[in-house]
Amino acid sequence: MKIQILGSAAGGGFPQWNCNCDNCKGLRNGTLKAKARTQSSIAVSLNGNDWILFNASPDIRTQLESFRPLQPKQGKRDTGIAAIVLMDSQIDHTTGLLMLREGCPHPVYCTDMVKQDLSTGFPVFTMLGHWNGGLVWNQIPSHDTYNEFQVAEVPGITLTAVPLSSSAPPYSPHRNDPHPGDNIGMLLRDDATGRSLFYAPGLGRIEEHLRPVMEQADCLLVDGTLWREDEMIHAGVGDKLGVHMGHLPQSGEQGMVAYLDTLSHPRKVLIHINNTNPILIEDSPERAVLTEHGIEVAFDGMSIEL
């Protein structure tokens, strides 16, 4: 199973267009040892030709241009994107659908709640219906703890959707009334080899039902948004804590690093990294802590094969 990191940053990318925090300023000035990053998205394939796109970032056009297997190679109009899976309905993960309108119809897999949001508060399904059939919805079940399904366009991978505790986007009609399916993690298993990936770019807390999934996975690609709970306040760019943003910080006794230390089997990679996070700086003390604990930091263009 081939996993391509198309984008590894949180919303706004790195550097963020309107941000002058120490990280963004340092990257622009060339004074930091760091790489620019686009907004979070991955693609997965078995044969290297037919790919499942997980989330459609606002930066999707740049990401497609940087990864040849997703570019046209046969007909006059073509793409390596066989299907699209949405983990949530956040703008950072769905705006790219508008950029893909010339290639409609696209099979899109998402939960009932995500479909509802993308038909009401941000009506992408409705809007794109005017482009050659638009988005063809396939339901991801979200009524149980573990929800197995197949993506018909890319056979050979069993996907298991795992509900995560999180809020719907600010524009959602049920923003203050969370439902199962607002946000999911995804276990992907290669049917032929049994090798598996657990992907969860948004992870506010690690609930009990997640441990068996994370223990069995060969690779974890999980939320790396913030280093510290009060990072936005500390950086002088916001007033929200990590808990209010739906992201578990890496540091602290109850943080992501401490939890990942309890898992011995999987390869551990952080993705969806906010522009304020010091782990973006390759020679920072915080990056050294991750290296000491055997945790990697995803970057645009990173390839993982299981």
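Could you say which residue among GLY7, GLY11, GLY26, GLY30 is over 20 Å from LEU64 (Cβ atoms) and either crowded, with 16+ Cβ neighbours inside 10 Å or of a type in the set (Ser, Thr, Tyr) (or both)? I'd like the intermediate steps shown before the answer.
On the way: GLY7 fails: over 20 Å from LEU64 (Cβ atoms); GLY11 fails: over 20 Å from LEU64 (Cβ atoms); GLY30 fails: either crowded, with 16+ Cβ neighbours inside 10 Å or of a type in the set (Ser, Thr, Tyr) (or both).
Going through GLY7, GLY11, GLY26, GLY30 in turn, the sole match is GLY26.
Screening the stretch 160-183 for residues that are of a type in the set (S, T, N, Q) and more than 17 Å from the chain's Cα centre (by Cα) and picking the one that is most open to solvent (accessible area, probe 1.4 Å) gives ASN176.
Counting only residues that are open to solvent by less than 40 Å² (accessible area, probe 1.4 Å) and modelled with pLDDT under 95, the stretch 72-85 holds 0 of them. Just one residue in the set LEU6, LEU53 is modelled with pLDDT of 95 or more, part of a strand (DSSP E or B) and farther than 18 Å from TYR109 by Cα; that residue is LEU6.
Quick grid of which residues meet (1) of a type outside the set (Phe, Trp, Tyr); (2) open to solvent by less than 50 Å² (accessible area, probe 1.4 Å); (3) within 27 Å of ASN176 (Cα to Cα):
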residue: SER251; (1), (2), (3): yes, yes, no
residue: ASP261; (1), (2), (3): yes, no, no
residue: LEU270; (1), (2), (3): yes, yes, no
residue: ILE273; (1), (2), (3): yes, yes, yes
residue: ARG287; (1), (2), (3): yes, yes, no
residue: ILE295; (1), (2), (3): yes, yes, no
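Here is a yes/no grid of residues against (1) of a type in the set (Ser, Thr, Tyr); (2) over 17 Å from ILE52 (Cα atoms); (3) open to solvent by 30 Å² or more (accessible area, probe 1.4 Å):
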{"position": "GLU65", "(1), (2), (3)": "no, no, yes"}
{"position": "GLN90", "(1), (2), (3)": "no, yes, yes"}
{"position": "GLY96", "(1), (2), (3)": "no, no, no"}
{"position": "VAL124", "(1), (2), (3)": "no, yes, no"}
{"position": "PRO155", "(1), (2), (3)": "no, no, yes"}
{"position": "THR158", "(1), (2), (3)": "yes, no, no"}
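Note on the stretch 184-225: residues that are open to solvent by 40 Å² or more (accessible area, probe 1.4 Å) and acidic (Asp, Glu) total 3.
The values are calculated or read from the model by the stated rules, or taken from the named source; none is laboratory data. What you are looking at is a predicted structure, and each value in this text was computed from that prediction instead of being measured. All Cβ positions, even for glycine, are placed from backbone atoms using ideal geometry, and neighbour counts span all protein chains on display. In case anyone asks, the SASA skips ligands and DNA or RNA and just uses the protein heavy atoms, side chains included. Shrake-Rupley method; radii C 1.70, N 1.55, O 1.52, S 1.80 Å.
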